[in-house]
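Everything on this sheet refers to the single structure shown next.
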Amino acid sequence: PIYLKNVQSTVEVGGQYNIRNPPHFIDISDPVLRDAYYETDAVLDHLLYHYNTAPFLSRRLIQHFGISNPSPRYIETVSTAFETGFFDWNVGSHSIHIGDGQWGNLASTAAAIVLDREATSPILNMDPTYGSLKEPLVKIIGFMRNMDFTRTPYSKLGQASLKGGLRGKIGQMIYEAPSVFSFFTPDFSPSGQFAQASLTSPEAQVLSTITVVGMTNGLFSLIDYGLNHCGHGFGSNLGSCEYAAGYLQYSPQTNKTDATKVVDEVATLITSGRLSQAHKDLIEEQYAAAYQAEGENAALRVVQQLLVVSPEFHTTSVTIPKDMHARTPTAPSGNTKEPYKAIIYIYLFGGLDSFYMLAPHTTCDLYSEYREIRLDPAALLRDKMLFLNASSSNQPCASFGLLNKLPVVKKMYDQGDALFFAN
């Protein structure tokens, strides 16, 4: 028999699926580099011109431009610009032709994204499903640029602006993507109303207690100390809080005694003019008080810190405050003569071996069973224990051992201000 390469051969599976052999250019018996180039080009062309490529890329690009849930019409418009290589922007009676007519032209694609009515209409800002959350690094870099971040001369000699490892602090960092699929999936939908409405919020996938607090701490540190490690900042440890890799040099151009003008100017830069009037009034009040008490520099820092914790800073759409009134305190229940107590939840980053932190004391019979299961070095030994008296509890041991690195916890326990929940 004679076997000719690239002859179509089809395999049927269960009478429902047809699979054909993939064509190839390389001669298996005599492979040459030229044929490898040909085959690679053929694969790339197949992927680029596939009918699903344009809408797939269009939706992803639109999401990165700040709209998490684009309409099918919007995606089709951008896809058409990608495929045809042209986008016509109509301004009044004039029409501007963008692109060169080549498949995959990014000029026409980008123009279709940012100039479409879905990206420019102010009416859509009031739609609660419009817009998106900002990516963590986009927030940081945008804030640094708008507040005129300037590096110090010695930091330009090789000191990196943002230290590595920020992904664990804010959820995102350059060159630290957890996989080739980036930091979050484009179809991520937070549980609750978003999932019920089939809406997506990709950037929400990196939000957690750690990243929210890490972002706030880092921005506050940047405002107070410049770019260094102090106050859990985004910068490297330079040995002292008096040194930083750079500082925010922004100063309002308006009359600094006018709280309204200062807040309006700074809010325009940081929140793109989307700050609600209720939030403006609150920030203006705090600026005026800080200006009178500590001067213009301290007052500006107050404005910056309040703006970076506002919802408008973290989103690309208008936010509507539900209620700006102070919450009504909850009436105490039970015996009001008892001193106030609250449960404080501490979220620790990393792993905590609870069976090494708290264990039966060596004076308890259960300690021998504990040692049989927890072999060295996983077992908490007597010389590393702090004695806890549990005789008043209904526990199987009248005494427990606490890791000796937690003397503050022991003190709180002995004073009746702390207790342990075992799972």
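The values are calculated or read from the model by the stated rules, or taken from the named source; none is laboratory data. No experiment lies behind these values; they were computed from the predicted model shown. Backbone-built Cβ (ideal geometry, glycine too); neighbour counts: all protein chains shown. Heavy atoms of the whole protein, side chains included, go into the accessibility calculation; ligands, DNA and RNA do not. Shrake-Rupley method; radii C 1.70, N 1.55, O 1.52, S 1.80 Å.
Considering each residue of the range 269-289 in turn, at least one proves to be assigned to a helix (DSSP H, G or I), among the polar types (S, T, N, Q) and open to solvent by less than 70 Å² (accessible area, probe 1.4 Å). Checking each residue in the range 87-111 for being part of a strand (DSSP E or B) and over 13 Å from residue 77 (Cα atoms) picks out 90, 91, 94, 95, 96, 97, 98.
Quick one: residue 308 ticks every box in (1) modelled with pLDDT of 95 or more; (2) loosely packed, with under 10 Cβ neighbours inside 10 Å; (3) of a type in the set (Val, Ile, Thr) bar one, so which box is it? Among (1) modelled with pLDDT of 95 or more; (2) loosely packed, with under 10 Cβ neighbours inside 10 Å; (3) of a type in the set (Val, Ile, Thr), the lone unmet condition for residue 308 is (2). Say we look at the range 223-237 and pick out the residues that are surrounded by fewer than 22 Cβ atoms within 10 Å (Cβ to Cβ), free of Cβ contacts under 8 Å to residues at least 40 places away in the same chain and not polar (S, T, N, Q); which of these is nearest to residue 304 (Cα to Cα)? Out of the qualifying residues, it is 225. Scanning the range 163-213 for residues that are touching a Leu at 6+ places or on another chain (Cβ under 7 Å) and over 19 Å from residue 138 (Cα atoms) turns up just one, 189. Filtering 45, 27, 35 for residues that are in contact with a Lys or Arg (Cβ under 8 Å, 6 or more places away or on another chain) and among the charged types (D, E, K, R) leaves a single hit, 27. With the structure loaded, tell me whether residue 143 is modelled with pLDDT of 90 or more and buried (at least 20 other Cβ atoms within 10 Å of the Cβ) or whether it fails that test. For residue 143, the condition - modelled with pLDDT of 90 or more and buried (at least 20 other Cβ atoms within 10 Å of the Cβ) - is met. Against the list (1) open to solvent by 80 Å² or more (accessible area, probe 1.4 Å); (2) touching a helix residue (DSSP H, G or I) at 6+ places or on another chain (Cβ under 8 Å); (3) not in a loop (DSSP other than H, G, I, E, B), the condition residue 187 fails is (3). From the set of residues in the range 35-68 that are in contact (Cβ under 8 Å) with a residue 60 or more places away in the chain and in a loop (DSSP other than H, G, I, E, B), which is surrounded by the fewest Cβ atoms within 10 Å (Cβ to Cβ)? Within the range 35-68, the match that is surrounded by the fewest Cβ atoms within 10 Å (Cβ to Cβ) is 66.
Can you confirm whether the range 211-222 contains a residue that is at pLDDT 90 or above and farther than 19 Å from residue 307 by Cα? So far as the range 211-222 goes, no, none of its residues is at pLDDT 90 or above and farther than 19 Å from residue 307 by Cα.
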